[in-house]
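The values are calculated or read from the model by the stated rules, or taken from the named source; none is laboratory data. Everything numeric in this text was worked out from a predicted model, so none of it was measured. Methodologically, a virtual Cβ is constructed for each residue, glycine included, from the backbone with ideal geometry; neighbour enumeration extends over all protein chains shown. Heads up: the accessible areas ignore ligands, DNA and RNA and are worked out on the full protein's heavy atoms, side chains in. Shrake-Rupley method; radii C 1.70, N 1.55, O 1.52, S 1.80 Å.
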Amino acid sequence: MTANTHLQINDENHLVIGGCDTTALAAEYGTPLYVMDEQVIRENMRLYRDAMMRQYGSRGLVLYASKAFCTTAVCRIAHQEGLGLDVVSGGELYTALQAGFPMEKVYFHGNNKSPEELTLALLSGVGRIVVDNVQELALLDKRAAELGKNICISVRVKPGVDAHTHDFIQTGKIDSKFGVALENGEAFAFAAKTLEMPHITLTGLHCHIGSQIFDLEPFEVTAGIMLGFAAELKEKLGIIIHELNLGGGFGIKYTEEDDPVEYDQYIAAVSVTVNRICREKGLERPFMLMEPGRSIAAPAGITLYRVGTVKDIANVRKYVAVDGGMHDNPRYALYESKYTFLLANRMDVPRTDCVTVAGKCCESGDLLGKDVLMGEAKPGDLMAVLATGAYNYSMSMNYNRNTRPAVVLVRDGKHRMIVRRETYQDIIRNDLMPDDLHP
Ligand code: LLP
């Protein structure tokens, strides 16, 4: 579901999500509030799962990239919908464990995993550790030996592909902190090194070229490059690659300007490429994985804010301040991301007012959008920001000791809290007051 078809307007001109009136949700749970539509999450997961089955058959698995939105409830949903899970930290791994996620379907990524995280991964039996570099390889082999384990790994490869997206979320080029590069022989050297590691077998290749990508072509090119590398490993080192993970990164519609392709087209395109190249190169068709995060979670979510101060500076700019900001959505501050803003309590007001939406942090760059069109907002209005289901809650923070909002899951007119709102007690829960604190 790439468009906002799950949102409706009721007779009172209120925005409705998952059958729930947003003004009622705000009244019950307070603002700011993340609202996630369960049906949309499930439909997006099914779309990918079914596309994989249809296009590539049972030798494929879709992983949900949990960094997009990670809570125990969403891990449970991903499992119920037959997906595996991509985790990138001990915290995400722990969340999956607590959700009862089957560990053999968990893939553990990360460019600088700590010894403790590697131990947790080994002890909990994650399906695959995606090793980033040779130092991690040595560390992992040592730890596996100490724990008496022999494991299969994948390696994170930089295929050298330009993904045409924001520089901060590009990850496929040589100048990236993730993985080992193909073009300077680093990836080959890594593979050769695995042959010296008694407790490790290299069976998989992984790459992720970036995020919010709208073209199919970079994925097709990447699949070709990765299979070329698999063929080289077979020929020169006798290493057989059984598993190819092509990452995530599929673009979504944040505003009217975005024109994403249907999600299943990515899997269709790479399936055709992988099948063709394997035939040409005489390679066994690998088990294929893809890892969408944003495209599953973002369209499902909206954030509700209460409008506070409206500051119309003549001939300069009109600021509409809300009761959240960069601490619940740092994406404008980081990437100047664009969003769609609505007056959720007065959906009949035409979206003709050009405003800058400001947060409440003590920071000039704390904006949610600059020069955006929305209905003319008054203090007390309810503002909805669309497509905030990914990389909002998961990137939220406590700057200025602001509390993180609650997350409510809605479906068929029902609403349940899946993350409770932080309190001021939560804010100080790790603060310690030493007894000997005196001038
Ligand atoms: N797999 C790997 C190894 C990744 O690093 C990522 C995202 C994904 C899968 C999922 O990509 P997606 O389908 O969600 O695009 N905070 C940024 C996005 C960072 C993406 C990091 N890696 C943002 O808010 O735009």
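Values as computed for the structure displayed
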| item | result |
| --- | --- |
| Cleavage-rule hits (trypsin sites (Lys or Arg not before Pro)) in region 94-167: DSSP loop, at most 15 neighbouring Cβ within 10 angstrom | K149 |
| Cβ charges +1 (Lys, Arg) and -1 (Asp, Glu), total dipole of region 306-434, debye | 280 debye |
| Binned Cα-Cα distance frequencies in region 106-208 - 5 Å width, integer % | 2, 14, 25, 24, 17, 10, 6, 2, 0 |
| Which of L233, L147, I174, positive extreme of dipole for region 109-292 (C-beta unit charges) | L147 |
| Charge-dipole axis of region 109-292 as Lys and Arg at +1 and Asp and Glu at -1 on Cβ define it, positive-most pick from H208, G185, G251 | G185 |
| Value of [θ]222 nm, deg cm²/dmol, for the chain, DSSP H segments ≥ 4, -39500 (n - 2.57) each, nearest 500 | -9000 deg cm²/dmol |
| Sorted peptide list for 380-390, 274-284, criterion being average Cβ within 10 angstrom, highest first | 380-390, 274-284 |
| Lys, Arg +1 and Asp, Glu -1 on Cβ, resulting dipole of region 216-265 about Cα centre, debye, nearest 20 | 500 debye |
| Spin-label pair R276/L195, simplified geometry with 7 Å Cα→Cβ offset, distance in nm | 3.2 nm |
| Surface per residue (accessible, 1.4 Å probe) for the chain, Å² | 42 Å² |
| Antiparallel %, DSSP beta bridges [both residues in the chain], to 5 | 45 percent |
| Largest-first principal axis extents, alpha carbons of region 109-292, Å | 54, 37, 29 |
| About the Cα centre, charge dipole magnitude for the chain (Lys/Arg +1, Asp/Glu -1 at Cβ), debye | 680 debye |
| Base-10 log of normalised Debye intensity for the chain (one unit scatterer per alpha-carbon) at q = 0.09, 0.12, 0.13 Å⁻¹ | -0.61, -1.01, -1.14 |
| Over region 60-147, equivalent-ellipsoid semi-axes from the Cα gyration tensor in Å | 23, 12, 11 |
